[in-house]
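Accompanying notes for the structure given below.
Laboratory data are not the source of any read-out in this text; all were calculated from the coordinates shown. These numbers come from a predicted model, not from an experiment. A quick note on method: Cβ atoms are made from the backbone with ideal geometry, for glycine too, and the neighbour counts reach across all protein chains shown.
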Ligand SMILES: [Zn+2]
């Protein structure tokens, strides 16, 4: 199905509003207990057998931080358990690799998350913690039984990892898909999240929105300014000035954050350049080549500041030599508001290629990236900065919406969007110099 779908909460019209206090004393048998077999239950779930009960008794929910009352907020527990990004990534690269990850907006803000929302059996699973934090929901968890209870003053839901049986507002319900643990993060079906906030699925943009649409960035910003497209390669230590030290990169991102720069996606930058949107101090962050080191360095910093970025991948090199990001990692990045653009198929100079070769490098890499990530690949980066008029024409004809060069300068309304200038950030750039580059557009 295409377009926007509003996801309805389960039990609408039949569920009574059960207060949390009352809920804590309710014991309910699971769906299917009465009939022997358990429709909707997932085979192999630890204690879904006849005779077990999905219980909402307060004593089952023990705060892992210790000492808190059974009904106490355990978001601290969740924060502790989910803090370890490397664990989540390890699980992503293992069993979870290949999951259909999708972008999430929570409370109007793009979500940067180690366990992104995903599609399982054609149904959406949404990470619980960011939703709970955004809407002040109480979350309690029993580690032994893998059961969770989410509650607000108006609604409650009890569910169990791996089981489609749930209680929504104290009423038994069969979920369309079982909740899951990814790493240490609990993901709940959209049907559960919809008990607490409006959930919408935009199939075209592959974005699930919880509690409202993303904010427009063109509200009273004070006019369309030039866009500074920053060019990075690798973040970390390395043999050349292409390697920007992690502490330098962190300081540069903090500088942008603290000094009123609007870090926007390349898509939004194009809208600004076309006069459809305005920002005051627009910055786009780009990374050439798609190095594997991105995860160990740049990603954590971008996530911290909530900055989108574009990673230009060499499609034929993805995942090779341990040097380049894998497709799994690309999918993860797309779900976290990073755009994967194309840096050609082979990173050869395009300047002397004939039409057939150009089609392979430019159109072929676009098709490969789109088929692997499921997100559109709209942005191109000329390898080595080399291009010809024929290459520019081929980029346009392949359906790209922009292309970046290594020519220095700021982009503005007069720029050719298929020959956009960038600001090359090399290792050793001081904060003072970084500020000057942003201001002047001269590197
Ligand atoms: Zn390159």
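Of the peptides 252-264, 380-392, the order by per-residue mean of other Cβ atoms within 10 Å, starting with the highest, comes out as 380-392, 252-264. Distance from a point 7 Å along Cα→Cβ of residue 274 to each backbone N in the range 389-414: keep the residues under 11 Å and list them by number. From the range 389-414, the list is 401-402. The residues 234, 321, when put in order of fewest to most other Cβ atoms within 10 Å, stand as 321, 234.
Ranked by the mean number of other Cβ atoms within 10 Å per residue, highest first, peptides 353-361, 282-290, 149-157 order as 282-290, 149-157, 353-361.
Taking the fewest neighbouring Cβ atoms within 10 Å as the starting point, the ordered list for 115, 5 is 5, 115. Neighbour counting of Cβ atoms within 10 Å sorts the residues 434, 196, fewest neighbours leading, into 434, 196.
Taking the Cα atoms of the range 227-440, the ratio Rg/Rh between the radius of gyration and the Kirkwood radius comes to 0.94. Give the shape of the range 324-443 as rounded, prolate or oblate, defined through the alpha-carbon gyration tensor: a ≥ b ≥ c are the square roots of its eigenvalues, a/c under 1.5 means rounded, and otherwise the shape is prolate if a/b is larger than b/c and oblate if not. It comes out oblate by the Cα gyration axes. All C-alpha pair distances within the range 93-202, sorted into 5 Å bins from zero, spread as 2, 12, 25, 26, 21, 11, 2, 0 percent across the bins.
Using alpha carbons only, the radius of gyration of the range 247-357 set against its Kirkwood radius gives Rg/Rh = 1.02. The peptide list 165-176, 301-312, 404-415, put in order of mean Cβ contacts within 10 Å with the highest first, becomes 165-176, 301-312, 404-415.
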